[in-house]
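The values are calculated or read from the model by the stated rules, or taken from the named source; none is laboratory data. As the structure is a prediction and not an experimental result, all values here were calculated from the model. Note: ideal-geometry Cβ built from the backbone for every residue, glycine included; neighbour counts use all protein chains shown.
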Amino acid sequence: MKTIITYGTFDLFHFGHVRLLERLSKMCDQLIVGVSTDEFNALKGKAAFFSYEQRSEIINACKYVSRVIPENNWQQKAQDIEHYDVDIFAIGDDWKGQFDHLASQCEVLYLTRTEDISTTEIKNNLSTTMS
């Protein structure tokens, strides 16, 4: 059984997220998604519109996802790969090179992001529209 793991905040769930999860699910038997907790996002200097619980519920409802886990810190990825017997760690190519150290545990795959969509862009557009 092939297992892929990916991580993200997944705030304001949009078609870019759906396409990422669909693409990954076609490459494996089990897709695990680590959703960043509110506390971890705060450490990263990010604030999500939806709470961790709400974002996890949304991701868990996605038909492409097998399991949702909390992402609490940067260091847990290596432990999660071992714990869940992960074959592929996948993440957007905006992180290219940042997780190469995991290649000793599994394949590391940097995926091209969906063009013309990002949560940051949506938030910026909403704030401009609402002003």
* Mind checking which residues of the range 85-102 are surrounded by fewer than 17 Cβ atoms within 10 Å (Cβ to Cβ) and assigned to a loop (DSSP other than H, G, I, E, B)? -> 85, 96, 97, 98
* To do: Give the range 80-101 a look and list any residue that's out of contact with any Asp or Glu (no Cβ under 8 Å at 6 or more places or on another chain), in contact (Cβ under 8 Å) with a residue 24 or more places away in the chain and among the aromatic types (Phe, Trp, Tyr), or say none.
  => 84
* To do: Enumerate the pairs (first residue in the range 12-32 and more than 21 Å from residue 46 (Cα to Cα); second residue anywhere and assigned to a helix (DSSP H, G or I)) with beta-carbon separation below 6 Å, excluding pairs fewer than 6 apart on the same chain, so at least 6 apart or on different chains.
  => 31/24; 31/25
* Of (1) over 23 Å from residue 103 (Cα atoms); (2) touching a strand residue (DSSP E or B) at 6+ places or on another chain (Cβ under 9 Å), residue 42 satisfies all except one. Which? -> (2)
* To do: Answer yes or no as to whether residue 66 is surrounded by 12 or more Cβ atoms within 10 Å (Cβ to Cβ) and in contact with a Pro (Cβ under 9 Å, 6 or more places away or on another chain).
  => no
* In the list 45, 92, 34, which residue meets the criterion of being within 14 Å of residue 111 (Cβ to Cβ) and either of a type outside the set (S, T, N, Q) or in contact with a Cys (Cβ under 7 Å, 6 or more places away or on another chain) (or both)? -> 92
* To do: Filter the range 69-82 for residues that are surrounded by 12 or more Cβ atoms within 10 Å (Cβ to Cβ) and either in contact with a Pro (Cβ under 6 Å, 6 or more places away or on another chain) or not polar (S, T, N, Q) (or both) and give the result.
  => 69, 70, 71, 74, 77, 78, 80, 81
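To keep it simple, each residue is scored yes or no on (1) over 15 Å from the mean Cα position of the chain (by Cα); (2) under 12 Å from residue 8 (Cα atoms); (3) modelled with pLDDT under 95.
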residue	(1), (2), (3)
35	no, yes, no
40	no, yes, no
46	no, yes, yes
56	no, yes, no
65	no, no, no
83	yes, no, no
89	no, no, no
108	no, no, no
113	no, no, yes
* **All positions within the range 23-49 that are buried (at least 17 other Cβ atoms within 10 Å of the Cβ) and not in a helix (DSSP H, G or I)** => 28, 30, 31, 32, 33, 34, 35, 36, 37, 48
* Structure fact -> All conditions in (1) assigned to a loop (DSSP other than H, G, I, E, B); (2) in contact with a Lys or Arg (Cβ under 9 Å, 6 or more places away or on another chain); (3) of a type in the set (A, V, I, L, M, F, W, C) are true of residue 65 except (2)
* When you go through (1) modelled with pLDDT under 95; (2) more than 13 Å from the chain's Cα centre (by Cα); (3) not aliphatic (A, V, I, L, M) one by one for residue 76, which number turns out not to apply? -> (1)
